[in-house]
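Participant: Encoded as structure tokens, here's the structure I'll be asking about.
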Amino acid sequence: MLDILIERFNYIPIIILMMTGLYVIIATGNLVKRLVGLSLFQTSVFLLYITIGKVFGGQPPILVDSGHGEDAGHGAETAAHGAETAAGYGADAAHYAADTAHYAAEAVYSNPLPHVLILTAIVVGVATLAVGLALVVRIRESYGTIEDDALNAADYSLETGSSE
Amino acid sequence: MDMLASLLPAGAAVHAPALIVVVPLIAAAIAALMPRGPWAWGVTLVTAIVVAVLSLVLLGQVSTGGVISYAMGGWPPPWGIELRVDMLNVPLLLLVGIVGLLCVIYALPSVADEIGPRKEALFYSAFLVCFAGLLGVTITGDAFNVFVFLEISSISTYTIIAMGAAKDRRALTASYNYLVLGTIGATFFVIGVGFLYMATGTLNMADMAVILEANGHNRVTQAAFAFIVVGLGLKAAMFPLHVWLPNAYAFAPNFVTAFLASTATKVAFYALIRFVFSVFHPDVSFVSMSFTWLFAVVGVVAMMVASVQAVFQTDARRLLAYSSVAQVGYMMLGLGMGTAAGLSAGLLHLMNHALMKGALFMALGAFALNFGVRRVKDLAGLGQTMPASAMAFTVAGLSLVGVPLTVGFTSKWYLVTAALDRGWWWAVAALMISSLLALAYVARLLAAIWMETPPSHHGEIAKRRLAPWMVLAPMGILAVANVYFFFHADPLVGLARAAADAVMGGQ
């Protein structure tokens, strides 16, 4: 049991963050705090992606020219294909082995693709948070509160009040 | 269609898959810069025409030349982002393109009435981003790209729903709740994609399908399936995950409701089909189990519960929004049958539902434009004061019930046939009961419109008011389409069947 947990230690903080975020979203009635929970929830997923890109003993994915004569000749070609192989062969262990055998031994690198994906996801998260906060500002302007209970009460009185 | 293709510049036909997404995105930036609302509307209209033409061109290309695979930026598919057009997503592109165009024509008077003049240009800009996002979700062949486009469309949807605040401040809370739930849904989806990436090492959906088939499934792919179904189910308003929808549709500007009701949930539903049928295979045991025990059950419950809820609504748009949840249930039931007949019936209902709900929400928008009414009892006497709009509303409403001579009957007929083929008598019974409930809530609306007398003010009965032609024309086209496609069902049925065959192919 413990072995299983230790083997997968990277998931433990992710799960804790994720559950905290979800709990905050559900438990709080404050609209800003709910967005905090939402951001926490999203961030845990960013971590999930980042950790799956890690390869043990892997270096940053910068192409290393090993300096051997035959490899130097491949330099330009390797550089051109660098991004492609790094992105494509990613987490696939079988491809990865073939890849490392092909290049010099020191070219073991972590998979950069999840990082790139998460850059995009972070932008999406920021945009969501910005729109969410802008909505909260507008809600505060027209209702005078950002507490869920008070908002529901205001909407309810509006509904019953306007139905003559 | 060849004629259309020949009118385009030489490169346009080749690059149509990319252009259909890129044109609205660029147009969004141009629209935002326009100093006046109607100019931004002009940009939007031109864009919508271009997109509609491109979707027709793509339909022509796919039906003659088979699957189109477009390598974005010249990176070949398994590595780069692939735009992929096949028989499954081309009907969706066509739907978004054509219905989008009709909605944009409708938009000018409606938006001018509901959105402040200084915000109009930005409103159209946000709409175009949403439009681009929906087209992007439909056309992309890359799983992570689906997430990005889904969020592009969703985030702009939150803003344009919130613009309804000028008429009713509850649009703000509706939009906020949609934002929180929509983001949870999208995050669930992206967790699922992450698991799939762990299991396969690729993000290309076609490639994923091949690798999953070769490697078999394990706990990771099962978790991925669960996360993706929940995430996309939330976006598609699958029954227990639909709570964001009624308020969002009820308080958004009328144009936004008409557009979203006929496209947004449909696109999410398409993405669900794409993952369930193409990436995962329907023969895999946990997938086929989810058909019977998840999608079919959820669909039937939605048909019942949401229809009952619709009967008791006082706000006309909320009523139709609950009805939309019920109609998503019909599509889920079609999907849940897990047969080509069931899936094609579900897809047919998807297209037909867009025709009905587009016309219905446009008509409600026309009523709101002329008389500012939105509650069911305020619809009294509109049959006399706005006969043309009321006729369109009636035709589409009868189609929603599934009365013969309308497309609603066609798609329910196919659903019933598919259910009988599968031996699901209970599903047929559920379809019948749900149709009766639909009759109950549509009858409430129609009774108010036709049977009651128009309100009078100081003994003077309200005068007849004609809606602007830009409102009447698209509404009329959709209403006529509801009848036309009953008599000429072949184009839509053919598209739905070809789509189902494309994903269930080889069985």
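Participant: Using label points projected 7 Å from each Cα along Cα→Cβ, tell me how many nm separate A:Lys54 and B:Val297, to one decimal.
Facilitator: Label at A:Lys54, label at B:Val297, 3.9 nm between them.
Participant: Quote the charge dipole size of region B:81-194 about the Cα centre in Debye, to the nearest 20; the model charges only the Cβ of Lys and Arg (+1) and of Asp and Glu (-1).
Facilitator: Details: 6 positive and 8 negative charges, 70 e Å.
Approximately 340 debye in magnitude.
Participant: Between B:Leu420 and A:Ile26, how high is the FRET efficiency from 1/(1 + (r/R0)^6) when r is the Cβ-Cβ distance and R₀ = 35 Å? Nearest 0.05.
Facilitator: After rounding, the FRET efficiency stands at 0.25.
Participant: Under the definition of partner shielding as Cβ atoms of other protein chains within 10 Å of a residue Cβ, what is the mean value for peptide A:34-43?
Facilitator: Whole-number average of other-chain Cβ neighbours for A:34-43 is 3.
Participant: Which FRET efficiency value, to the nearest 0.05, do you get for B:Val22 and B:Trp413 by plugging their Cβ-Cβ distance into 1/(1 + (r/R0)^6) with R0 = 41 Å?
Facilitator: Values: r = 40 Å, r/R0 = 0.97.
Result of the calculation: an efficiency of 0.55.
Participant: Here is a further query. Non-local amide H neighbours of A:Asn30 (under 5 Å, H modeled in plane, Pro and chain starts lacking H): which ones?
Facilitator: HN-HN under 5 Å from A:Asn30: A:Asp148.
Participant: Kindly provide the helix-only [θ] at 222 nm of the protein assembly as shown, computed as the sum of -39,500 (n - 2.57) over DSSP H runs of four or more divided by all residues, to the nearest 500 deg cm²/dmol?
Facilitator: -24500 deg cm²/dmol
Participant: Please state the equivalent ellipsoid semi-axes for region B:32-80: what are the square roots of 5 times the Cα gyration tensor eigenvalues, largest first, in whole Å? Write out the running numbers ahead of the final one.
Facilitator: Working: eigenvalues 201, 62, 4 Å².
Result for region B:32-80: semi-axes of 32, 18, 5 Å.
Participant: For region B:233-386, go through all pairs of different Cα atoms, get the mean of 1/r, take its inverse, and jot down that Kirkwood value in Å.
Facilitator: Evaluated over region B:233-386, this radius sits at 16.0 Å.
Participant: A follow-up question, please. For region B:65-175, what number results from the quotient of the Cα radius of gyration and 2.2 N^0.38 Å?
Facilitator: 1.27
Participant: For B:Leu33 and B:Asp168, FRET efficiency with R0 = 22 Å and r from the beta-carbon atoms, rounded to 0.05?
Facilitator: 0.15
Participant: Starting from the exponent 0.38 and prefactor 2.2 Å, build the expected Rg for region B:43-125 from its residue count and divide its actual Cα Rg by it.
Facilitator: Cα-based Rg divided by the globular estimate yields 1.41.
Participant: Moving to a separate point now. Compute the semi-axes of the equivalent ellipsoid of region B:320-507, taking the square root of 5 times each eigenvalue of the Cα gyration tensor, and list them largest first in whole Å.
Facilitator: On the way: eigenvalues 248, 57, 25 Å².
Gyration-tensor ellipsoid for region B:320-507: 35, 17, 11 Å.
Participant: Sticking with this one: Evaluate the charge dipole of region B:142-238 about its Cα centre and quote only its size in Debye, nearest 20, assuming +1 on the Cβ of each Lys and Arg and -1 on the Cβ of each Asp and Glu. The partial results should precede the final answer.
Facilitator: Numbers: 5 positive and 5 negative charges, 96 e Å.
Rounded to the nearest 20 debye, it is 460 debye.
Participant: When the scattering of the protein assembly as shown is computed by the Debye formula from its Cα atoms alone, each counted once and equally, what is log10 I(q)/I(0) at q = 0.10, 0.12 Å⁻¹?
Facilitator: -0.94, -1.34
Participant: Dipole magnitude of the protein assembly as shown about its Cα centre, charges +1 at Lys/Arg Cβ and -1 at Asp/Glu Cβ only, in debye to the nearest 20? Display every interim value, and only then the final one.
Facilitator: On the way: 30 positive and 36 negative charges, 473 e Å.
With only Lys, Arg, Asp and Glu charged at Cβ, the dipole is about 2280 debye.
Participant: To one decimal place, what orientation-averaged projected area in nm² is obtained for the convex hull of the Cα set of chain B?
Facilitator: Taking the Cα atoms of chain B, their convex hull projects to 22.1 nm² on average.
Participant: Sticking with this structure for a sec: Would you tell me the mean number of C-beta atoms belonging to other protein chains that fall within 10 Å of each C-beta in B:172-185, as a whole number?
Facilitator: Mean partner shielding for this stretch: 6.
Participant: First check a/c for region B:342-409, with a ≥ b ≥ c the square roots of the eigenvalues of its C-alpha gyration tensor; if it is under 1.5, answer rounded, and if not, answer prolate when a/b is larger than b/c or oblate otherwise.
Facilitator: It comes out prolate by the Cα gyration axes.
Participant: Which order do B:Lys463, B:Lys357 fall in if you start with the one that has the fewest other Cβ atoms within 10 Å? Display every interim value, and only then the final one.
Facilitator: Details: B:Lys463 8, B:Lys357 29.
Ordered by Cβ neighbours within 10 Å, fewest first: B:Lys463, B:Lys357.
Participant: Using Cα-only point scatterers and the Debye equation, what is log10 of I(q)/I(0) for region B:328-380 at each q in 0.17, 0.19, 0.26 Å⁻¹, rounded to two decimals?
Facilitator: Those come out to -0.61, -0.66, -0.87, one per q.
Participant: If you don't mind, there's one more thing I want to ask. If amide H atoms are built 1.01 Å from N in the plane of the peptide, which residues on other chains or at least 5 residues away come under 5 Å of the amide H of A:Tyr109?
Facilitator: A:Gln59
Participant: How long is region B:153-226 along each principal axis, judged by its Cα atoms, biggest number first, in Å?
Facilitator: Taking the Cα atoms of region B:153-226, the three principal extents are 55, 21, 13 Å.
Participant: Counting only other chains, what is the mean number of Cβ atoms within 10 angstrom of the Cβ of each residue in peptide A:14-26?
Facilitator: Across the residues of A:14-26, the mean count of other-chain Cβ atoms within 10 Å is 1.
Participant: Let me ask something else about it. What is the distance, in nm, between label points placed 7 Å from the Cα along the Cα-to-Cβ direction at B:Val308 and at B:Ser63?
Facilitator: Each label point is offset 7 Å from its Cα along the Cβ direction, giving 4.3 nm.
Participant: Would any residue of region B:211-243 have its amide N under 18 Å from a label point 7 Å out along Cα→Cβ of A:Ile4? List them or say none.
Facilitator: B:218-224
Participant: Show log10 I(q)/I(0) for region B:440-507 at q = 0.13, 0.15, 0.20 Å⁻¹, two decimals, from a solvent-free Debye sum over equal Cα scatterers.
Facilitator: -0.70, -0.82, -1.02
No lab work stands behind these numbers, since they all come straight from the coordinates. These numbers come from a predicted model, not from an experiment. Cβ: placed from backbone, ideal geometry, glycine included. Neighbour counts: every protein chain shown.
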